[in-house]
């Protein structure tokens, strides 16, 4: 961190990044709707590498190749979540650090936020929709605070549409400070929540949302596979879904040895979780004290 950066507040730094990356309109979207869509974040090359790595994981699990363009329900029915993708391919390290989505995540969760999980919702035709829910539903009792404690980036790796099994969002639901009731969770048939919006977006687009925001996904109705990359983040004091502290491969740390932000995201600066050695007071002294640091 430069001397100038040290003299500015965390909020100043966060807003400077928002300005430099021309994200002000997306910040308005995020505040008013509870989510924002950033088009064209990933290049065609990055999308191709990510899809190749995910298909490789599926082939290992199933023992067979899946054609993402023509697969039927007989080839792969419904949705499976593929977890812990970060270490499958270097491309996922690059995606984790994409500046524009990460700037909005930092606005929501502060500079000390960490990666909670990275996975793919791999979806063939048929199966069931993913009901509407809030990511705060993982053990956080309502009413939820107005500020975000977790937040998500959903990258489309294939085209999204209602028929293709798109991500669904409920605009403004982050203001309700509660999870949806059972009758508000439905995404299939005549009882579908009428406020749910299908995200009609293209490969490489990213949707960033506040942890309170209700979201889910529709069942796929057409041949082929819908692939995404869900990159989920949490504040420094929230238990992450995946374990990274103490288990990051040495070659990964070596590639980012000079990148302090990467190390923070991968829990290398997280002071908690000690054993007999006790706390590291140097790290504890750097604990966040506000919403943005």
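Nothing in this text is a laboratory measurement; each read-out follows from the coordinates by a stated rule. All of these numbers come straight from a predicted model, not from anything done at the bench. A quick note on method: Cβ atoms are made from the backbone with ideal geometry, for glycine too, and the neighbour counts reach across all protein chains shown.
What is the Å³ per residue value for the convex hull set by the Cα atoms of the stretch 1-91?
177
Between 0 and 90 degrees, rounded to the nearest ten: what's the tilt of helix 24-33 against the longest Cα principal axis of the chain?
70
Quote the relative contact order of the chain in percent (integer), defining contacts as alpha-carbon pairs under 8 Å separated by 6+ residues.
Normalised by residue count, the contact order of the chain is 27 percent.
Would you please calculate the Kirkwood hydrodynamic radius of the stretch 99-255 over all C-alpha pairs and express it in Å, rounded to one decimal?
Computed over Cα pairs of the stretch 99-255, the Kirkwood hydrodynamic radius comes out at 16.4 Å.
Taking R0 as 41 Å, what FRET efficiency do you get between residue 277 and residue 70 from their Cβ-Cβ distance, rounded to the nearest 0.05?
After rounding, the FRET efficiency stands at 0.15.
Once all Cα-Cα distances of the stretch 219-282 are split into 10 Å bins that start at 0, what whole-number percent is in each one?
Pairs per bin, as whole percents: 16, 38, 25, 12, 6, 2.
Relative to the longest principal axis of the chain, what angle (0 to 90°, nearest 10) does the C-alpha long axis of helix 10-20 take?
Between the helix axis and the principal axis of the chain, the angle is about 50 degrees.
Using a 10 Å cut-off on Cβ atoms, rank the peptides 151-163, 174-186, 242-254 from the highest mean neighbour count down.
Per-residue mean Cβ counts within 10 Å order the peptides as 151-163, 174-186, 242-254.
How large is the Kirkwood hydrodynamic radius of the chain, in angstrom, based on all distinct alpha carbon pairs?
For the chain, inverting the mean 1/r across all distinct Cα pairs yields 19.9 Å.
Quote the FRET efficiency, to the nearest 0.05, computed for residue 237 versus residue 24 with a Förster distance R0 of 45 Å and r equal to the Cβ-Cβ distance.
Efficiency computed from Cβ-Cβ geometry: 0.95.
Roughly what angle does helix 99-109 make with the longest principal axis of the chain, taking Cα atoms, 0 to 90 degrees, to the nearest 10?
70
Hey, how many Å between the Cα centroid of the stretch 106-144 and the Cα centroid of the stretch 224-275?
16
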